[in-house]
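Taken together, the values in this text are just the output of simple stated rules run on the coordinates, not laboratory data. Small disclaimer: the values here were computed from a predicted structure and weren't measured. Positions of Cβ are generated from backbone atoms using ideal geometry, with glycine treated the same way; all protein chains shown enter the neighbour counts.
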């Protein structure tokens, strides 16, 4: 099994665990847990992956970071309106 396949398997497993933990709660919590998991996986696998794989994972992280910023922005707006 290739390193990239192992990383994809671990990310998929993390998404499943996050889905089981969050259950019927907010989508925001599920999204943030996935984002944290991807950041941790990226940090732990840094020495084992090639440069193109690092760039692809960084692209995924940037997409999740934009989503995280949107979620935090909405929460701040909600708090300020109350």
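Structure notes:
- Between residue 13 and residue 26, the distance separating the two model label sites (each 7 Å from Cα on the Cα→Cβ line) works out to 3.0 nm.
- Residue 81/residue 36 FRET efficiency (R0 35 Å; Cβ-Cβ; nearest 0.05): 0.80
- The slack between residue 50 and residue 62, meaning 0.36 nm per residue of separation minus the straight C-alpha distance, is 2.5 nm.
- With respect to the chain, whose longest principal axis is taken over its alpha-carbon atoms, helix 27-44 is tilted by about 30°.
- 15 Å reach of a label modelled at residue 6, 7 Å along Cα-to-Cβ, counting backbone N of the stretch 41-66: 41-50
- The chain - Debye-derived log10 I(q)/I(0), Cα point model, q = 0.13, 0.16, 0.20 Å⁻¹: -0.48, -0.68, -0.93
- On Cα atoms only, tilt of 51-81 relative to the major axis of the chain in degrees: 10 degrees
- Nearest-ten-degree value, helix 3-22 long axis tilted from longest Cα axis of the chain: 30 degrees
- Rounded Å value of the spacing that divides the Cα centres of the stretch 2-23 and the stretch 25-66: 11 Å
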